[in-house]
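Undergrad: Here's a structure for you.
The values are calculated or read from the model by the stated rules, or taken from the named source; none is laboratory data. Note that the structure is predicted; figures quoted are calculated from it, not measured. Virtual Cβ from ideal backbone geometry, glycine too; neighbours counted across all protein chains shown.
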Amino acid sequence: MTSTKTIPYFHVDAFTSRVFSGNPAGVCPLEEWLDDNTLQQIAAENNLSETAFFVRKKDHFELRWFAPKTEVDLCGHATLASGFVIFNHLEFSSDVILFSTRSGPLTVKKKNSLLEMDFPARPGKSISAPGPLVKGLGINVADVYKSRDYMVILDSEDEVRNMKPDFHELSKLDCTGVIITTKGRDVDFVSRFFAPRVGIPEDPVTGSSHCTLIPFWAEKLGKKALTAHQVSGRGGELFCTLLGDRVSIAGNAVLYLQGNICLKAEP
């Protein structure tokens, strides 16, 4: 005889105020932690760039993020989506959520109509471009920085929008992903993010990449408050602020789907 365990499941589009845009994240509130293999299988089955899992503790939430192939150390859009679920679908009265994560304590708070996250800044260091990065982007890569990810500065917004990378080559890099960015026409900066090594050829909107983007563009443009678009096919809008060794990343979120995951287990 088999038993069925159900897990609440929310599919939330983050960094957007309308469905079918922004970055879709799976969100699973748990009563207690499941084994890592089950968490990874759920993320692979969802086949979204990240699925977030959290467990409520006395005064905070433990939060983890899984890409289809691996657990990741930091994820912005799935944190924003988790905050959206907690504020709107769980019994939670405070205006600030504290998450305990692999990247330390993170908060999500209500800020007018937006949800605002407090994340660590991850400034990049100038480096020479490795071979797979040059081959993967198919251009002469001159202005490159490295933090968790590689960040490549391009000459124009059109170049960012029209980039067609070789994901096989980029998957050879010793990093989570590759950011390409430039100054924006209608916003302070635009970007795209590729992470084939962790099963995400292109991430629609990436909060964690802005931990590196914000320090760079704040210094480059001489301002701490910045507006940003991630110009993927789905697109997303981010409102950013440099806070010393931290960054604020704010955006909207909207619910697309709500249901249950059914796990069958042999007794």
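Undergrad: Can Thr101 be described as surrounded by fewer than 24 Cβ atoms within 10 Å (Cβ to Cβ), out of contact with any Gly (no Cβ under 8 Å at 6 or more places or on another chain) and modelled with pLDDT of 95 or more?
TA: So Thr101 fits the description; yes.
Undergrad: Of the residues Leu39, Leu106, Leu63, which single one is touching a Phe, Trp or Tyr at 6+ places or on another chain (Cβ under 6 Å), assigned to a strand (DSSP E or B) and under 16 Å from Ile7 (Cα atoms)?
TA: On the way: Leu39 fails: assigned to a strand (DSSP E or B); Leu106 fails: under 16 Å from Ile7 (Cα atoms).
Going through Leu39, Leu106, Leu63 in turn, just one is touching a Phe, Trp or Tyr at 6+ places or on another chain (Cβ under 6 Å), assigned to a strand (DSSP E or B) and under 16 Å from Ile7 (Cα atoms): Leu63.
Undergrad: Anything in region 53-73 that is surrounded by fewer than 21 Cβ atoms within 10 Å (Cβ to Cβ), touching a helix residue (DSSP H, G or I) at 6+ places or on another chain (Cβ under 8 Å) and of a type outside the set (Val, Ile, Thr)? List them, or say none.
TA: Pro68, Lys69, Glu71
Undergrad: Another question about this same structure. Being modelled with pLDDT under 95 and not in a strand (DSSP E or B) is true for just one of Thr212, Thr176. Which residue is that?
TA: Of the residues listed, the single one that is modelled with pLDDT under 95 and not in a strand (DSSP E or B) is Thr176.
Results for (1) surrounded by fewer than 17 Cβ atoms within 10 Å (Cβ to Cβ); (2) over 26 Å from Phe66 (Cα atoms); (3) touching a strand residue (DSSP E or B) at 6+ places or on another chain (Cβ under 9 Å); (4) in contact (Cβ under 8 Å) with a residue 24 or more places away in the chain, shown as yes or no for each residue.
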position: Gly177; (1), (2), (3), (4): no, no, yes, yes
position: Pro196; (1), (2), (3), (4): no, no, yes, yes
position: Gly199; (1), (2), (3), (4): yes, no, no, yes
position: Gly207; (1), (2), (3), (4): no, no, yes, yes
position: Gly235; (1), (2), (3), (4): yes, no, yes, yes
position: Phe239; (1), (2), (3), (4): no, no, yes, yes
position: Gly244; (1), (2), (3), (4): yes, yes, no, yes
position: Ile249; (1), (2), (3), (4): no, no, yes, yes
position: Tyr256; (1), (2), (3), (4): yes, no, yes, yes
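Undergrad: If you don't mind, another one. Out of all the residues in region 141-175, which are in contact with a helix residue (DSSP H, G or I) (Cβ under 8 Å, 6 or more places away or on another chain) and surrounded by fewer than 16 Cβ atoms within 10 Å (Cβ to Cβ)?
TA: Across region 141-175, the qualifying residues are Asp166, His168, Lys172.
Undergrad: Scanning for something in a loop (DSSP other than H, G, I, E, B), assigned by TED's automatic domain parsing to the domain that holds Asp73 and of a type in the set (A, V, I, L, M), does region 139-156 turn up at least one residue?
TA: Looking through region 139-156, none of the residues is in a loop (DSSP other than H, G, I, E, B), assigned by TED's automatic domain parsing to the domain that holds Asp73 and of a type in the set (A, V, I, L, M).
Undergrad: Could you tell me which of the residues His89, His77 is surrounded by fewer than 21 Cβ atoms within 10 Å (Cβ to Cβ), closer than 18 Å to Asp13 by Cβ and touching a residue at least 60 places away in the same chain (Cβ under 8 Å)? Walk me through how you get there before you give the answer.
TA: Numbers: His77 fails: surrounded by fewer than 21 Cβ atoms within 10 Å (Cβ to Cβ).
Being surrounded by fewer than 21 Cβ atoms within 10 Å (Cβ to Cβ), closer than 18 Å to Asp13 by Cβ and touching a residue at least 60 places away in the same chain (Cβ under 8 Å) holds for just one of His89, His77, which is His89.
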